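The values are calculated or read from the model by the stated rules, or taken from the named source; none is laboratory data. Since this is a predicted model, take the numbers as computed values, not measurements. Here the Cβ positions follow ideal geometry from the backbone for every residue, glycine too, while neighbour counts run over all protein chains shown. Surface areas here come from the heavy atoms of the whole protein model, side chains and all, with no ligands, DNA or RNA. Shrake-Rupley method; radii C 1.70, N 1.55, O 1.52, S 1.80 Å.
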Amino acid sequence: MDQKKTGSFFKELRKEKGLTQEQLAEVFGVSARTVSRWETGSNMPDLDILIEMADYYNMELRELLDGERKSEKMNKDLEETVLKIAGYSNDEKMRLMKKLHVFSWIGVIAFIIFMILEMVGLADSGNTESVASLCAGISFGMLIISVIYTSRHIFKIQAFKKRIFGRR
């Protein structure tokens, strides 16, 4: 796939509709900068957005990805397969977001406990010092996990984990 060609095709389609990048960004729920990256070919839309684009422009996914209109119709089975893949992709994203939400709350609660102990003056003595240190460590750890989960590297980490532990 030639991303530059596909990006130029995205731009051509947008202009045919008479839309600005900002207007198109609103349609697909992304930023205008993201639309610009699509149109320059430096980035591609997620699969679920590609499917929405195909519906919006009333064309086949294959045409969008090839960066040109075709006269032949997409095989219905192929379209169903792509929709299933998109659904799976969305389910996976939702599962990751739920985990991130739980981790974030754990970090927030741990940080609140740390701050209370610090304000009361119990963070510097005895057993409460250990509790305060543990809470600070947990909140920092959850911050690191949040950064990892919101990066593109989480999928590489998951694949590595599956190889190590042999899960399918």
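In a DSSP loop and with at most 13 other Cβ atoms within 10 Å, the trypsin sites (Lys or Arg not before Pro) in segment 1-62 are Lys17.
Computed extension gain for Met1 through Lys98, at 0.36 nm per residue and net of the alpha carbon distance, reaches 31.6 nm. When Val82, Val108, Val120 are compared by accessible surface with a 1.4 Å probe, the order from highest to lowest is Val120, Val108, Val82. Ignoring GluC sites (Glu not before Pro) that are buried or in helix or strand per DSSP, and keeping those with at most 15 other beta carbon atoms within 10 Å, what is the longest stretch of the chain between them? Excluding the exposed sites themselves, the longest stretch runs over 73-168. Of the solvent-accessible surface of the chain, computed with a 1.4 Å probe over protein heavy atoms with every protein chain present, carbon and sulfur atoms account for 59 percent. If you bin all the Cα-Cα distances of the chain at 10 Å, starting from zero, the percentages per bin are 9, 25, 24, 19, 12, 8, 3, 0.
By the rule of a C-alpha distance below 27 Å, with chain neighbours fewer than 8 residues away ignored, the lysines paired with Lys162 are Lys84, Lys93, Lys98, Lys99. Given their separation in residues at 0.36 nm each and the Cα-Cα distance between them, Arg163 and Asp55 gain 35.1 nm when the chain is fully extended. To the nearest 10 degrees, how steep is helix 47-56 against the longest Cα principal axis of the chain, on a 0 to 90 scale? Computed tilt is about 40 degrees.
Between 0 and 90 degrees, the angle of helix 76-120 with respect to the longest Cα principal axis of the chain falls at about 20 degrees.
Between Gln23 and Ser8, full extension at 0.36 nm per residue minus the direct alpha carbon distance yields a gain of 3.7 nm. Helical runs assigned H by DSSP (4 residues or longer) give the chain a calculated mean residue ellipticity at 222 nm of -25500 deg cm²/dmol, each run adding -39500 (n - 2.57) before division by the residue total.
Solvent-accessible area per residue in the chain equals 68 Å², computed with a 1.4 angstrom probe and all protein chains kept.
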